[in-house]
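The values are calculated or read from the model by the stated rules, or taken from the named source; none is laboratory data. Model, not experiment: these values are computed from the prediction. Glycine gets a Cβ as well: all are built from the backbone with ideal geometry, and neighbour counts include every protein chain shown.
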Amino acid sequence: MIPAIVLAAGKSTRMGRPKATLPLDGGDTFLSRIVRTFAAAAVEDVVVVVGHEAAGVIASFANVDVTARFVENPDYEQGQSSSLIAGLRVIDRPGVEAALLTLVDVPLVGAATVRAVVDCYRRTRAPIVRPVRGDEHGHPVLIDRSLFDAIRHADPAVGAKPIIRTNVSAAGDVAVDDPGAFADFETPGDYNKLPRKTTSPTEK
């Protein structure tokens with residue numbers, strides 16, 4: 001089993017409102033689109049880590065027709081690594097081979113990209129698998145279970161990034177033609193540049 005963790009606990013200071021609740025076309029929010037994409041890629045367990053304005057983020061998901069589990073990270077102000085650890089705590093159990101990780105800032109990745117990442121892992125067992133486009137790398141990132149303990153014990157000041165960088169490989173880099181895998185939205189200006197009609201999860 002390969003569950004997914006969506007990090008949605010931050011303050012979204014630059015955006016000015018929780019990115020998880022930002023609307024997209026078709027009635028989705030950033031968060032519901034991400035969960036819908038994982039569902040379309042046959043990811044059976046999606047855990048959303050919330051923190052800042054947790055109740056509002058959870059409430060925004062109340063009438064969505066796809067399923068996710070929510071975990072609240074009371075230490076979210078300590079940074080993303082604390083939220084990743086909170087997510088690992090929920091998903092790590094016998095039978096879990098790896099975890100898919102994405103940020104709520106990256107809502108437009110397609111289901112085909114998620115499937116390509118998982119397929120690459122099944123084929124290569126690379127400890128880190130990620131979509132790439134030239135020198136860019138995107139989301140979701142797949143992390144093998146063998147790295148979970150290292151992430152749990154990482155220096156909170158630097159988090160999981162050094163562990164991920166140390167374990168990337170050519171075998172785990174998946175070239176994809178999916179602009180959504182590399183498009184993150186940090187500011188109102190970024191959000192205002194969203195196309196009027198975004199691609200549905202199953203179209204990519």
Just to be sure I understand the filter: pairs with C-beta atoms under 7 Å, separated by 6 or more residues or on different chains, first member in the range 112-126 and within 13 Å of Ala171 (Cβ to Cβ), second member modelled with pLDDT under 95. Which pairs pass?
none
All positions within the range 1-27 that are within 24 Å of Ala41 (Cα to Cα) and small (Gly, Ala, Ser)
Ala4, Ala8, Ala9, Ala20, Gly26, Gly27
Residues of the range 1-38 being without any contact (Cβ under 8 Å) to a residue 60 or more places away in the chain and within 19 Å of Ala98 (Cβ to Cβ), in sequence order, are Val35
Any chance Glu77 is acidic (Asp, Glu) and out of contact with any Ser or Thr (no Cβ under 9 Å at 6 or more places or on another chain):
yes
For Ser60, are the conditions met, namely being on the phi > 0 side of the Ramachandran plot and in contact with a strand residue (DSSP E or B) (Cβ under 9 Å, 6 or more places away or on another chain)?
no
Inside the range 1-16, can you point out the residues that are under 25 Å from Arg145 (Cα atoms) and among the small types (Gly, Ala, Ser)?
Ala4, Ala8, Ala9, Gly10
